[in-house]
Amino acid sequence: MKRVFSSPLAALAAGLCLRLFFVFRLPADSGDTILYEQIASHWLKHHVYAMDVHAQVTPVDLRMPGYPAFLVLIYALSGRTGEGARLWVMLAQVAVDLVTCLVIASLAAMLLLLANEHARPRRVFTAALWLSTLCPFTANYTAVPLTEVFAIFLTAAALLPLCLLVTRARNKAWQRDEKHWVLGNDYWYLAASAAFLIGVCTLFRPETPLLLAAAWLVLGVLLLMQHEVSRWIRTVLVMALICVVPLIPWAARNAVTLHEFQLLAPKNSNLPGELVPYGLMNWEKTWLYRFRDVYVVAWKLNGEAIYLQDIPARAFDTPDEKERVAAILEQYNEDVTLTAEEDAAFAQLARERTARHPLRTYLWLPAARAITLWFTPRIELLPFSGVVFPLAQAWEDDPVDQSVTISLFLLNIAYLALAIAGGIRLGRQSREALAAVALLLAFILIRTAFLTTLETPEPRYVLVCFPVILALAAHAIARSPEIPRPVAG
């Protein structure tokens, strides 16, 4: 049995079985799935990056082109499009995700070698591989035509050179011509390769440059402590320029077709001329922190009626405020289209609520969003409620549902606890490892802070951080035998 669990092939086989279970028994989709499929179909058939708007094929920039390009490839190879090609899409995602598991395991092993170059990383590699292949939260998204699989893969790949980069900056090896066997090629090669991978990942998820920001922050601290201000500035400029390179074709297409300079997809995913409901979104940010609340207002907007009784009581500070919201919704529900006047009324409510309780808007609710993002059971696309509390009531309503939900809830907590323990253990081993852990922590904190500002805080957006969680968790459960460091002199 020990030989089985020490085999990478056994871990990959188990991971394959788990992913095929999701693909064949629990496939899912979302509103974004339909959008991606429509764009890819038009791209393949009409050679136009477009979607149907009022029954007309209309060029858009609502989504980055990476995932539609992947769909086009699958459509061309399979001879099918849309829903008919989903099985082939999901099977391809299974393959990519299994490769991601190997990358995460390599990241865990590399972190150990950065802590002690004489360590034997086999146990850490194997532990990280098992944790990754059996993680249901990432495996679930192989059965969903969305960008998560590729975003996780490319993020994990970019973390490899980034961790080496900050370590190389920390130990000053770049100041000499020597090349370290663990650190690989020189400083600038690592910076360029990391930036390019981040640029490619940006073609799938537009917020990916947050990883670049985390690297700049940590490198800034390390290099400024060494009085290397000019090197830090050059590093920022070089990495920024290389990150933009994969985005140039997309920016050129937007300039030629849409007559706009657009490197990324629009933040609010709005069509040309479409009203962006800033007032409504600002009002939601004064009370919304749970993902299930987005179904109440945000995802009904301009398509369904919105009912006052469905909105949580925390959205109203006074009876008068509730009456004002009711009056706005009464007008909106007449044609289920938000007007500029109605949006302005929501904006006024948002200003008043924020003025009364600024800490609620700018501190407590973002903190609650962060906690919800990280501690959700992560089953929003599975056929389970996701309701954890109250325990007794949830168990009475559906014991099977509650059993699955609470199990995944506790498993998620276990992953996070192991990652914290692994990060602490790793950081204590050497200053080089501490620099890498600082980078990983900075990435998680910056990305989490960004996600708390979104109008729809979906838990799936945190999955991009799971390569970090899984790699660090492996260090909490695997103790690799080490060769003692050589004693100087």
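Under 24 Å from Y67 (Cβ atoms), of a type in the set (G, A, S), open to solvent by less than 70 Å² (accessible area, probe 1.4 Å) and in contact (Cβ under 8 Å) with a residue 12 or more places away in the chain: is that true of A213 in this structure? Taking the combined requirement at face value, the residue satisfies it. Of all the criteria given as (1) among the basic types (K, R); (2) over 21 Å from the mean Cα position of the chain (by Cα); (3) part of a loop (DSSP other than H, G, I, E, B), the one not satisfied by K267 is (2). Among the helices (runs of 4 or more DSSP H) confined to region 72-157, the ones with at least 1 residues that are within 21 Å of the chain's Cα centre (by Cα) and within 15 Å of T33 (Cα to Cα) are located at 86-115. So, in region 82-102, of the ones that are hydrophobic (A, V, I, L, M, F, W, C) and open to solvent by 50 Å² or more (accessible area, probe 1.4 Å), which residue ends up nearest to C163 (Cα to Cα)? Filtering region 82-102 for residues that are hydrophobic (A, V, I, L, M, F, W, C) and open to solvent by 50 Å² or more (accessible area, probe 1.4 Å), the one nearest to C163 (Cα to Cα) comes out as L102. Just wondering, is there one or more residues in region 103-111 that are without any contact (Cβ under 8 Å) to a residue 12 or more places away in the chain and open to solvent by 40 Å² or more (accessible area, probe 1.4 Å)? Checked region 103-111: no residue is without any contact (Cβ under 8 Å) to a residue 12 or more places away in the chain and open to solvent by 40 Å² or more (accessible area, probe 1.4 Å). When the residues of region 451-466 are filtered to those that are under 17 Å from P209 (Cβ atoms) and of a type outside the set (A, V, I, L, M), the one that is surrounded by the most Cβ atoms within 10 Å (Cβ to Cβ) is C465.
Just one residue in the set I311, I371, I328 is in contact with a helix residue (DSSP H, G or I) (Cβ under 6 Å, 6 or more places away or on another chain) and either closer than 27 Å to L445 by Cα or surrounded by 13 or more Cβ atoms within 10 Å (Cβ to Cβ) (or both); that residue is I328. One residue alone among L288, L280 is assigned to a helix (DSSP H, G or I), open to solvent by less than 20 Å² (accessible area, probe 1.4 Å) and not small (G, A, S), and that residue is L280. A single entry from T155, T81, T138, T167 fulfils the requirement of being more than 24 Å from P383 (Cβ to Cβ) and in contact with an Asp or Glu (Cβ under 7 Å, 6 or more places away or on another chain): T167. Taking region 320-351 as the range and being part of a loop (DSSP other than H, G, I, E, B) and either among the hydroxyl-bearing types (S, T, Y) or closer than 14 Å to G279 by Cα (or both) as the test, the residues that pass are T337, L338, T339.
At pLDDT 90 or above and in a loop (DSSP other than H, G, I, E, B): is that true of D317 in this structure? Judged against the criteria, D317 is a match. For region 244-267, the set of residues classified as of a type outside the set (A, V, I, L, M, F, W, C) and either over 25 Å from A213 (Cβ atoms) or open to solvent by less than 40 Å² (accessible area, probe 1.4 Å) (or both) consists of P246, R253, N254, T257, H259, P266, listed by residue number.
The values are calculated or read from the model by the stated rules, or taken from the named source; none is laboratory data. Because the structure is predicted, anything quoted here is derived from the model rather than measured. Heads up, the Cβs are rebuilt from the backbone with ideal geometry, glycines too, and the neighbour counts pull from every protein chain shown. Quick note on the areas: whole protein, heavy atoms, side chains included, nothing else; ligands and nucleic acids left out. Shrake-Rupley method; radii C 1.70, N 1.55, O 1.52, S 1.80 Å.
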